[in-house]
1. Given points 7 Å out from each Cα along the Cα-Cβ axis, report the Asn302 to Ala2 separation in nanometres with one decimal.
2. Given the -39500 (n - 2.57) contribution per DSSP H run of 4+ residues, what per-residue ellipticity at 222 nm results for the chain, rounded to the nearest 500 deg cm²/dmol?
3. Which length gain, in nm to one decimal place, applies between Met194 and Arg376 when the Cα-Cα distance is subtracted from 0.36 nm times their residue separation?
4. What size of dipole, in debye to the nearest 20, comes out for the stretch 175-426 about its Cα centre when the only charges are +1 on Lys and Arg C-beta atoms and -1 on Asp and Glu C-beta atoms?
5. Compute the distance in nm between two label points, each set 7 Å from the Cα along the Cα-to-Cβ direction, one at Glu293 and one at Asp13.
6. Is any helix in the chain, taking whole DSSP H runs, at least 15 angstrom long along its axis by alpha carbon and on average at least 0.0 on the Kyte-Doolittle scale, and which ones?
7. Which value, in debye to the nearest 20, describes the size of the charge dipole of the chain about its Cα centre when Lys and Arg Cβ atoms bear +1, Asp and Glu Cβ atoms bear -1, and nothing else is charged?
8. First compute the accessible area of the chain with a 1.4 Å probe, then give the percent of it belonging to carbon and sulfur atoms.
Amino acid sequence: MADDMLAALVRPDKVHKRVYTDPAIFDLEMERIFGQAWIYVGHASQVPKPGDYWTTLIGREPVVMVRDRDGAIRVLYNRCPHKGAKLVADGCGHAGPLFRCPYHAWTFALDGRLRGVPFRQGYADTGFSLDDPQFSMRPVARIAERRGFVFCSLAEDGPGLEEYLGGALASIDNFADRAPEGEVEVAGGVMRVMQHSNWKIFFENLNDTGHPQATHESSFAAARRTVREKLGGKTPFQLHIIEGNGEPNSFWESLELRCYDHGHSYMDAIFNAPTDAISLEYRGQLEAAYGVERAQAILSMNRHNTIIYPSCSPHTGFQQLRVIRPISIDRTLVEIFTFRLKGTSDAFFQRTISYTNIVNSPSSTVMVDDVEVYRRCQEGMASDGGDWISQHRMAGHDTPFEGGLLGAGISEVPMRNQFRAWASYMGEAVA
Ligand code: FES
Ligand SMILES: [Fe+2]
């Protein structure tokens, strides 16, 4: 596809539906976006001991994140150089001191170097050598870690991770700073949702302040009725979270949407942390660790979904990370991880689990509404009813600042910002 054709698909206030429906564009995205950007792979706590591994995808590339014997984390293509078999099964596990291919038992050190080949005599005089890199597992081009969050880029060149993250870096730091011990760990497994829609629809929704009142009406109305009619006006934590989607227009208008280069953004928090006994105990732990002033500074960075384009979204207030894996033009796998803040109680962690169950799990009464409208968008876009997807809300009113764009709470600036990045990845000629 010619770059000038791509350029015609993105306008300052709208995009052509083909960016969500054309498999050829999906193929290009895998190469030009997911083949270049820093992509979240996993958290160091998922591979605590040498030999522990976790598999995932970078675009279409299956990779394995492994803890090496020297303690370093490596990320290798999950591919045996003999016949191409994926060396480890999808998921997590322990390789032992070496990877061993299940097909013909070639073995590899945890940094991917070939260590052994059965029937060695058969390789004599063939030019085959254990030291030849073509017979080793290939490492990804670049790997970088921030507070245990591991990102990789398949491109040799490009900005470093910190420069790439820009203002979104503070969300990752705040995620870990919220632990009294300054460290977090994945806990509680992973929940997976396969969405029948394009990956960009999910990202656009994360900072879409225009949808909660409509899309989530059934859940917040039920929560309010329960509070009023059954609980005498008392709002437990679980219902407080659901109610947040029903705030009036003035609330959404007063929020701030802050966007950064490379497609990242965040929106202000839509509800404050509760002030119950669990929260007070936690605040005490944080103050004991950092002092009152610093603890206050950490807690007052109160961001709702941060978008780290194009691979993940941390929610710092409730220790959740959603990881986005595009599968095809109309299939997107979203993985939801919960984290434990080191130095906090089991009851505090339970609240993290509750938040995720209520808002983002497959059984959530909130997320099903989103997933349904994503599917409807995907199906409607494919129809002959129109060609363009509107991003007009407050278009022309984005305020630039060094490294990004600022918009009022009801603006569609995060979507426009994502397509600013999309266009620059997809081709220089794209405006
Ligand atoms: S495919 Fe891995 S050893 Fe043959
Ligand atoms: Fe939603």
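The values are calculated or read from the model by the stated rules, or taken from the named source; none is laboratory data. These figures come from a predicted structure and were not determined experimentally. Neighbour counts are summed over all protein chains in view; Cβ atoms, including those assigned to glycine, are modelled from backbone coordinates with ideal geometry. For the accessible areas, the whole protein counts, side chains as well, though only heavy atoms, and no ligand, DNA or RNA atoms are used. Shrake-Rupley method; radii C 1.70, N 1.55, O 1.52, S 1.80 Å.
1. 5.3
2. Values: 15 runs with 137 residues, N = 431.
The per-residue figure over the chain is -9000 deg cm²/dmol.
3. Using 0.36 nm per residue and subtracting the Cα-Cα distance, I get 64.0 nm.
4. 420
5. 4.8
6. Working: long enough: 217-229 (17 Å, -0.80); 277-290 (20 Å, -0.09); 346-359 (20 Å, 0.15); 367-381 (21 Å, -0.62); 413-426 (19 Å, -0.44).
The qualifying helices are 346-359.
7. The dipole of the chain has a size of about 1200 debye.
8. Heavy-atom surface of the chain belonging to carbon and sulfur, 1.4 Å probe: 51 percent.
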